[in-house]
Structures are given as C-alpha cells and as structure tokens.
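**Student:** Submitted below is the structure of interest, expressed as structure tokens.
The values are calculated or read from the model by the stated rules, or taken from the named source; none is laboratory data. What you are looking at is a predicted structure, and each value in this text was computed from that prediction instead of being measured. Here the Cβ is made from the backbone with ideal geometry for all residues, glycine too, and neighbour counts use every protein chain on show.
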Amino acid sequence: MSPKSAKAARKLRGAQKWILEELRALGPSVRLSTSQIAKKISKARGKAFHKNSVYNALRILVRRGHVTVVRDGHEKLYQSTGASRAESPAPNAAPAPSPKGSASVGEVSGAMLPHKLALGEILVVSMDAHQIVTATNLHGRLVLERHPLPG
C-alpha cells in the first residue's frame, strides 16, 4: 500500500470521545445498550446528542476496535475492548461449561451464521468429541444449545 492511500488514524471526537470515556470509566465488564449509553453521555456532557450521532459513533468505534458489540436478542450491547481480552480463555484451555447445557451467546453471533435461520430451523454450529452446539430460531430468538454426544 502506498503512503498516499493509507489513511492516517483519526482522533476521537464528539460523541465517540464521550462514549469511549464513559465505557472505560465503568470498567471492561459492563455492557450497555445504545439508549443507556446515550443517557450517560448526555448527562456527563450536560447536553443531549442526536440519536443518529450516538449510533454512528458506536459503529465507528466498533469498526476501529475500541468497543465490542454483543447481541442480546434484538438489542446490541456495547463494552470496552478490555473485557473481551480479559474474559476470553487461553488459546489451549477447554471451554467452560454453560449452565443447563446451553451455549454462551458470546460463542456464536448472528454474523457467524451462514444465513438468517428460518423459524424452527436448526443449524449445527460446532462438534467436538464430547458435544454438539446447535443454533435454533425459536419465534424470532436465536437459541444456542449444547448437546452431549450419545455413547
């Protein structure tokens, strides 16, 4: 890539700066929805941001890697990137078992699926020597489950 075509890293400004400051101040394990973030930065700033400014700032922060996004049904939850590194297990470590045999939401996101699941459709997400992880569309909700292999 030629030096002319490479974009220089832009400084955070406006809503981006306020969002990142609030998320880092709350800690890496706190996840907030878009509306919660908008309320917090409006309170801290003393003046409201337009709704689209908050949405666009969050999209830019996610794209640049400053913030991670996790889907919870139809809602997106945002957290600072320090949490994803702290919560992720070591590369060779076995995954921690989930309660009641269900897979964690962080394990599979809607973007990882090859297509949007139809109602009642079941997709095998992964298999290993001990279990199978499936994704099912139940009434518009993505349900992830772990099933032990028979035998």
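**Student:** Out of all the residues in segment 139-151, which are of a type outside the set (K, R), surrounded by 10 or more Cβ atoms within 10 Å (Cβ to Cβ) and either farther than 18 Å from E75 by Cα or more than 21 Å from the chain's Cα centre (by Cα) (or both)? Talk me through it step by step, then tell me what you get.
**Tutor:** Going residue by residue through segment 139-151, those that are of a type outside the set (K, R) are 139-140, 142-145, 147-151.
The next check asks that each one be surrounded by 10 or more Cβ atoms within 10 Å (Cβ to Cβ); those that pass are 142-145, 147, 149.
Correct list: E145, H147, L149.
**Student:** Next question. Inspect all residues belonging to segment 47-69 and state whether any of them is assigned to a loop (DSSP other than H, G, I, E, B), within 13 Å of the chain's Cα centre (by Cα) and either among the basic types (K, R) or modelled with pLDDT under 85 (or both).
**Tutor:** Checked against the condition, which is being assigned to a loop (DSSP other than H, G, I, E, B), within 13 Å of the chain's Cα centre (by Cα) and either among the basic types (K, R) or modelled with pLDDT under 85 (or both), segment 47-69 yields no hits at all.
**Student:** What is the residue count in segment 116-151 for residues that are among the basic types (K, R) and touching a residue at least 40 places away in the same chain (Cβ under 8 Å)?
**Tutor:** Taking segment 116-151 as the starting set, the residues that turn out to be among the basic types (K, R) are 116, 141, 146.
From the residues that got through so far, the ones that are touching a residue at least 40 places away in the same chain (Cβ under 8 Å) too are 141, 146.
Count: 2.
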